[in-house]
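Structure first, then comments.
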Amino acid sequence: EAENSVILADSTQIHQVLLNLCTNAAHSMREHGGVLTVSLKNYDVDGDQANGQEELNPGHYIKLTVSDTGEGIRKEIIDRIFEPYFTTKIQGEGTGMGLAVVHGIVKEHGGIITVVSEIGKGTAFNVFLPRSFEEVKDNGTTLKPIIRGKGTILFVDDEEIVVDMNMRLLERLGYTVIGVRDSLEALKIFRE
């Protein structure tokens, strides 16, 4: 539905939003499996609708939804999930900055993020970003082929799913990748 819609955004930051939301969704389903769904559609808000959505002004938006069929988020903590350093993960599994970063990026782009969750049924994050109606001009550049790499990369992150995902990506680009979750282990490998 949003095939020809355009937003003005930093592609790296939008990638970060998707990565964080999908990582959290996958984490919530790691014990029992489930379905992760990403959808994108146009969403137009008139004056009446805007009153029902906190901070969502009348206008034309793209609605990005990342939903899962995982554990869900408890009511008593759902209002805190966008706070920096707030996490329900055990130590070593995350910093608690993912959703705070997502919230900051979305707000910086003039949008909002909402969450709907039900225990045992899953969670849906909805990101509303303003659509742009400026004409997208072809600047005459052509897409260049992806340059394949060679060499070894030591990839370190405290979240296993992030390590796994980026290892696969970098390996597809031709690199040999060593992925670790522990900084001391990474230092030992680096010294060797």
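The values are calculated or read from the model by the stated rules, or taken from the named source; none is laboratory data. Here the structure is a predicted model, which is why all the values come from computation and not from measurement. Methodologically, a virtual Cβ is constructed for each residue, glycine included, from the backbone with ideal geometry; neighbour enumeration extends over all protein chains shown. Just so you know, the surface numbers come from the protein's heavy atoms only, side chains and all, with ligands and any DNA or RNA stripped out. Shrake-Rupley method; radii C 1.70, N 1.55, O 1.52, S 1.80 Å.
Take the residue pairs Lys150/Lys188; Lys63/Lys150; Lys41/Lys150; Lys107/Lys188 and return only those whose Cα atoms are more than 30 Å apart.
Checking Cα-Cα distances, Lys63/Lys150; Lys41/Lys150; Lys107/Lys188 exceed 30 Å.
Quote the FRET efficiency, to the nearest 0.05, computed for Asp46 versus Lys150 with a Förster distance R0 of 41 Å and r equal to the Cβ-Cβ distance.
About 0.15, to the nearest 0.05.
Counting only heavy atoms of protein chains, what accessible area per residue, in Å², does segment 1-80 have with a probe of 1.4 Å?
I get 64 Å² per residue for this part.
To make sure I understand the rule: partners must be aspartates and glutamates, Cα under 17 Å from the Cα of Lys121, and not fewer than 8 residues away in the same chain. Which ones qualify?
Within the straight-line cut-off, Lys121 pairs with Glu31, Asp68, Glu71, Glu76.
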